[in-house]
1. Tally the residues that are more than 20 Å from residue 211 (Cα to Cα), within 31 Å of the chain's Cα centre (by Cα) and not in a loop (DSSP other than H, G, I, E, B), restricting the search to region 258-287.
2. For residue 224, are the conditions met, namely being at pLDDT 80 or above, closer than 19 Å to residue 291 by Cα and surrounded by 18 or more Cβ atoms within 10 Å (Cβ to Cβ)?
3. Specify the residue that is farthest from the chain's Cα centre (by Cα); the eligible residues are those in region 292-310 that are surrounded by fewer than 19 Cβ atoms within 10 Å (Cβ to Cβ) and of a type outside the set (Gly, Ala, Ser).
4. Taking the condition under 42 Å from the mean Cα position of the chain (by Cα), on the phi < 0 side of the Ramachandran plot and in the same structural domain as residue 341 (by TED's automatic domain parsing), does residue 238 pass?
5. Among the listed residues 250, 254, identify the single one that is β-branched (Val, Ile, Thr), closer than 23 Å to residue 310 by Cβ and surrounded by fewer than 20 Cβ atoms within 10 Å (Cβ to Cβ).
6. Just the residues that are in a loop (DSSP other than H, G, I, E, B) and either farther than 21 Å from residue 361 by Cα or β-branched (Val, Ile, Thr) (or both), please, taken from region 228-257.
7. Would you point out the residue of region 62-73, among those that are farther than 14 Å from residue 136 by Cβ and either assigned to a helix (DSSP H, G or I) or of a type in the set (Asp, Glu) (or both), that is modelled with the lowest pLDDT?
8. Please tell me if residue 284 is modelled with pLDDT under 85 and touching a Pro at 6+ places or on another chain (Cβ under 7 Å).
Amino acid sequence: MIPAGPSWRRILLIVGIWALVAAFFAAENAANHVLRGRPIPWFDAVALELVYWVPWVLLTPVLLWLVRRYRLDRGWRERSGLAVAGVPVAVVQSVVAVLLTYGAVVLAGTGEEAARLRPQIELGIVTYSLTAYWKYWAVIAVVAAVTYGRELREREVESARLETRLANARLHALRMRLQPHFLFNTLHSVSMLNLRDAEAANRLLVKLSDLLRTTLATAEEAVVALEREIALVDRYLEIESIRIGERLEVEWAVDEEVLDAEVPTLILQPLVENAVRHGIAPSTAAGRLVVRAFREGDDLVLEVVDDGAGFPEEFDLDEDAGVGLGTTKARVERLYEGRGELAVDSPPSGGARVRIRLPFRPYREEEER
């Protein structure tokens with residue numbers, strides 16, 4: 001209500017508010033005189049009210065300071081400070097109002113009228129002070145409500161901003177946990193392969209550099225288009241194909257309509273890595289990996305399925321998940337606040353399946369957000 005902008009704006013707003021108050025009481029005063037059969041000119045009614053309310057205009061900065069200095073929401077001592085401060089405010093308002101009224105009469109009337117009013121000045125100051133005191137409290141209440149309401153909204157906005165920053169920091173920390181884990185496992189593959197096939201190890205290093213370049217390009221992005229995430233996973237699977245050989249069979253079942261869907265960065269890679277390392281690599285037989293992505297109502301569904309040994313019967317996702325699976329689950333839950341979920345099971349045909357369900361959102365570039 002009273003902005004913290006340029007001083008001239010505050011002054012105009014204060015004057016405007018009190019002018020409306022004066023106009024209201026001027027209309028009431030004129031109407032009362034008409035009802036009593038003693039109408040007065042509209043100019044006189046307005047002039048009398050303006051003279052009375054001008055001191056409040058001058059005292060408004062003091063009232064604003066008092067509301068900030070003595071807060072109504074901090075106990076009886078603060079309220080007592082406002083009560084005591086109200087006495088001199090009411091007296092000053094009354095003295096100024098009475099003197100302005102007397103001066104107006106002197107200027108507009110005769111000396112006899114001024115002499116007649118002189119004995120009423122002291123009585124007017126007393127009565128005006130009493131009415132000014134409760135008006136003081138009314139003004140304080142309005143100013144306090146507006147001031148405290150604005151402060152509450154500012155705190156809510158700041159709190160929401162801090163919560164967003166905290167959530168982003170947590171998600172960033174989770175994402176950073178994935179990257180060293182993923183890099184360590186890939187480098188381990190290179191070292192193991194180098195012992196038996198140096199040429200294949202060199203090809204793997206080239207693929208790894210491409211993969212790292214892609215990963216670093218999205219390192220600071222919380223979300224990417226599903227198409228980019230699939231491209232990253234495809235590069236990773238090229239590396240695993242060099243390591244494992246023809247035993248790794250990959251099937252992509254991705255609906256074209258979801259390629260531009262928004263997904264968290266590195267959402268599929270740790271799941272695919274788990275499927276390869278725990279479902280396919282331990283076996284000497286060929287292994288099949290299926291990556292699915294499709295829309296189901298308002299949701300985007302991502303599935304990673306392998307035909308390996310599957311999850312143990314006693315597997316508990318909250319207790320037994322490793323870095324990749326556990327971190328991905330935490331990211332989904334925090335990023336989508338109850339609307340995203342990650343579940344695991346072992347299909348009747350065997351193997352392991354990880355399913356992620358997210359709200360479907362088209363991906364937008366950062367500058368469009």
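1. 3
2. Answer is yes for this residue.
3. 292
4. On the way: under 42 Å from the mean Cα position of the chain (by Cα): yes; on the phi < 0 side of the Ramachandran plot: yes; in the same structural domain as residue 341 (by TED's automatic domain parsing): no.
The answer is no for residue 238.
5. Numbers: 254 fails: closer than 23 Å to residue 310 by Cβ.
Within the list 250, 254, the selection yields 250.
6. Within region 228-257, the subset in a loop (DSSP other than H, G, I, E, B) is 245-247, 255.
Passing the criteria: 245, 246, 247.
7. 73
8. Numbers: modelled with pLDDT under 85: yes; touching a Pro at 6+ places or on another chain (Cβ under 7 Å): no.
Criteria not met by residue 284.
The values are calculated or read from the model by the stated rules, or taken from the named source; none is laboratory data. As the structure is a computational prediction, the values presented were derived from the model and not from experiment. With ideal geometry, Cβ positions are generated from the backbone for all residues, glycine too; neighbour counts draw on all protein chains shown.
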